[in-house]
1. Go through the residues of the stretch 213-228 one by one and say whether even a single one is closer than 16 Å to residue 93 by Cβ, assigned to a helix (DSSP H, G or I) and over 16 Å from the mean Cα position of the chain (by Cα).
2. Only one of (1) more than 30 Å from residue 95 (Cβ to Cβ); (2) within 22 Å of the chain's Cα centre (by Cα) fails for residue 266. Which number is that?
3. Of the numbered conditions (1) surrounded by fewer than 15 Cβ atoms within 10 Å (Cβ to Cβ); (2) farther than 14 Å from residue 187 by Cβ, residue 246 satisfies every one except a single condition; which is it?
4. Among (1) surrounded by 19 or more Cβ atoms within 10 Å (Cβ to Cβ); (2) farther than 22 Å from residue 94 by Cα; (3) touching a strand residue (DSSP E or B) at 6+ places or on another chain (Cβ under 9 Å); (4) in contact (Cβ under 8 Å) with a residue 40 or more places away in the chain, there is one condition residue 254 misses while meeting the rest; what is its number?
5. Only one of 155, 202, 165, 188 is in a helix (DSSP H, G or I), closer than 27 Å to residue 318 by Cα and in contact with a helix residue (DSSP H, G or I) (Cβ under 8 Å, 6 or more places away or on another chain). Can you tell me which?
6. Go through the stretch 12-21 and count every residue that is in contact with a helix residue (DSSP H, G or I) (Cβ under 9 Å, 6 or more places away or on another chain) and either surrounded by fewer than 18 Cβ atoms within 10 Å (Cβ to Cβ) or closer than 14 Å to residue 69 by Cβ (or both).
7. Give the stretch 116-133 a look and list any residue that's within 16 Å of residue 65 (Cβ to Cβ) and either in contact with a strand residue (DSSP E or B) (Cβ under 8 Å, 6 or more places away or on another chain) or surrounded by fewer than 18 Cβ atoms within 10 Å (Cβ to Cβ) (or both), or say none.
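The values are calculated or read from the model by the stated rules, or taken from the named source; none is laboratory data. Worth saying up front: this structure is predicted, and the values here are computed from it rather than measured. Because the Cβ atoms are built from the backbone with ideal geometry, glycine has one as well, and the counts that use them run over all protein chains shown.
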């Protein structure tokens with residue numbers, strides 16, 4: 001059975017879909033086809049005892065959320081049960097994070113991943129957002145709906161996902177996170193603050209705002225994995241070929257707000273992992289600003305790695321995951 005976005009969303013409009021070792025329904029086979037396309041079918045691999053996909057409402061958006069229940073116990077240093085929330089980057093979706101999800105499941109970590117508004121299977125204008133506070137509402141909805149209160153938690157964000165988590169940790173959502181998420185650690189992977197060529201982007205936004213919804217997307221060489229780049233450019237049904245003018249406008253308003261944030265004093269649980277060949281974000285500037293915001297946090301640079309650390313080639317990805325394991329106290 002071949003999946004497409006509309007058919008899968010129609011099936012999700014009425015119920016949660018699950019994959020397990022039991023016989024699958026017609027709708028379940030549709031989810032299985034989607035999962036196989038993106039390398040997310042972890043039940044048949046023996047890494048997940050069950051995985052599911054469902055819709056979680058968040059303000060005006062319907063967010064599509066996936067959960068993966070590990071087949072083995074946690075192998076953190078203290079073997080305490082643990083869960084991870086993954087927040088993806090701009091233009092991304094959960095399907096592109098199969099390497100990270102697999103790695104976490106191999107360590108016995110329960111995984112929750114969702115598509116941001118306007119991305120992947122979630123609703124909203126494609127690759128667009130009105131303001132970054134809508135991302136905070138999305139995080140709040142998923143945390144309240146999907147994370148277990150009594151379980152140690154990891155929060156992992158790539159690029160825009162890292163920016164969203166940094167916003168949550170330093171903003172209004174922090175207190176609510178602390179009341180819900182138990183014993184948390186945070187990893188920001190190549191977090192966005194200011195993109196490369198930001199001055200040019202501001203000029204384009206000023207020229208196009210109110211006149212056009214998108215300008216043509218340039219597919220970046222942000223990884224050393226050629227197969228990953230080819231898949232995104234030529235084969236991924238959930239990609240969008242335009243850069244949203246509204247999204248750039250939202251980023252334009254969000255950056256000054258983040259730069260004005262008060263220092264987060266108890267930030268020792270925050271780790272930033274950054275590649276030194278990142279040509280997507282202005283990583284030196286961003287890293288300096290985030291180190292000011294989270295002064296007790298730590299930073300790890302991966303020499304030669306590109307921007308999409310989750311989608312990097314295996315040799316770089318191993319270094320990224322080794323740094324991730326140290327930050328999250330996962331045993332090799």
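1. Checked the stretch 213-228: at least one residue is closer than 16 Å to residue 93 by Cβ, assigned to a helix (DSSP H, G or I) and over 16 Å from the mean Cα position of the chain (by Cα).
2. Here residue 266 meets the rest and fails (2).
3. Every listed condition holds for residue 246 apart from (1).
4. (3)
5. On the way: 155 fails: in a helix (DSSP H, G or I); 202 fails: closer than 27 Å to residue 318 by Cα; 188 fails: in a helix (DSSP H, G or I).
Checking each option against the conditions leaves just 165.
6. The total comes to 6.
7. 116, 117, 118, 120, 121, 122, 123, 124
Yes/no matrix, rows are residues, columns are (1) within 18 Å of the chain's Cα centre (by Cα); (2) farther than 23 Å from residue 132 by Cα; (3) buried (at least 22 other Cβ atoms within 10 Å of the Cβ):
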residue	(1), (2), (3)
260	no, no, no
270	yes, no, yes
277	no, yes, no
282	no, no, no
293	no, no, no
